[in-house]
């Protein structure tokens, strides 16, 4: 549930790329850079001109030498300074207009904000398809998360999201691949963070190929779920203020 009362703080936009030149050409001018205080790109080894495109437009690009979406999240957090972190992939699926809404809800006191593809008014890329395996998988995991850890989240898997930096630190995330979103969502639920969602309209992919492999990713998510059931909240990293008090 969203909370009211706007807070101060700076926002960092982390653009996650690997061979997304076509999406960048289509979307770059629509990215609301005015809504954030800094922006970097974390690139996982592009060979199609993505890095050159971004650098020519003044963005700092951090080269990711070891592949993995989860590692890109961790690198992005380490390389930025904002109080709020926004993760965005310019592949056509994610609407850059929603970046403004993610920042706004974080500044209104929420700890985690997810762009949901399944809320009323939202769109999933596979809507209308007879076989929608990715959609069904996402909905299945979301239902399982709600049964195991509670909450009312409608899209636990979407990586288009924003998080308060202090909460990102406390969650002590270590997932290295596409299961990073699952780990973050589960730990936010276990720690009773304030979580909000916005309906987003997922567009069709623009060029390139999806890096997500459904079966290996699904197995990784299942392993994360099993591990989190055993861990309970023993993963939590204390904040500096808590350490000082002790």
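The values are calculated or read from the model by the stated rules, or taken from the named source; none is laboratory data. Fair warning: this is a prediction, and the values are worked out from it, not measured in the lab. Counting neighbours? That spans all protein chains shown, and the Cβs are built from the backbone with ideal geometry, glycine included.
Residues in region 37-50 that are within 21 Å of the chain's Cα centre (by Cα) and outside any strand (DSSP E or B): how many?
The total comes to 5.
For the structure I just gave you, tell me whether residue 159 is in contact (Cβ under 8 Å) with a residue 60 or more places away in the chain, out of contact with any helix residue (DSSP H, G or I) (no Cβ under 6 Å at 6 or more places or on another chain), in a loop (DSSP other than H, G, I, E, B) and crowded, with 18+ Cβ neighbours inside 10 Å.
no
Mind checking whether some residue in region 17-36 is at pLDDT 95 or above, within 27 Å of residue 124 (Cβ to Cβ), part of a strand (DSSP E or B) and in contact with a strand residue (DSSP E or B) (Cβ under 8 Å, 6 or more places away or on another chain)?
yes
For region 96-124, how many residues are assigned to a loop (DSSP other than H, G, I, E, B) and touching a strand residue (DSSP E or B) at 6+ places or on another chain (Cβ under 6 Å)? First the steps, then the outcome.
Within region 96-124, the first condition is being assigned to a loop (DSSP other than H, G, I, E, B), and the residues that meet it are 96-97, 108-111, 117-122, 124.
Then keep just the ones that are touching a strand residue (DSSP E or B) at 6+ places or on another chain (Cβ under 6 Å); that gives 110-111, 119, 121-122.
Number of matching residues: 5.
Looking at the structure I just gave you, is residue 137 in a loop (DSSP other than H, G, I, E, B) and in contact (Cβ under 8 Å) with a residue 40 or more places away in the chain?
Details: in a loop (DSSP other than H, G, I, E, B): no; in contact (Cβ under 8 Å) with a residue 40 or more places away in the chain: yes.
Here the answer is no, as residue 137 does not meet what is asked.
Would you check if residue 77 is in contact with a helix residue (DSSP H, G or I) (Cβ under 6 Å, 6 or more places away or on another chain), within 14 Å of residue 161 (Cβ to Cβ) and at pLDDT 95 or above?
yes
Considering region 170-182 alone, what residues qualify as being part of a helix (DSSP H, G or I), in contact (Cβ under 8 Å) with a residue 60 or more places away in the chain and touching a helix residue (DSSP H, G or I) at 6+ places or on another chain (Cβ under 8 Å)?
171, 180
Yes/no per residue for (1) under 19 Å from residue 196 (Cα atoms); (2) surrounded by 20 or more Cβ atoms within 10 Å (Cβ to Cβ); (3) under 17 Å from the mean Cα position of the chain (by Cα):
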| site | (1), (2), (3) |
| --- | --- |
| 71 | no, no, yes |
| 76 | no, yes, yes |
| 100 | yes, no, yes |
| 106 | yes, yes, yes |
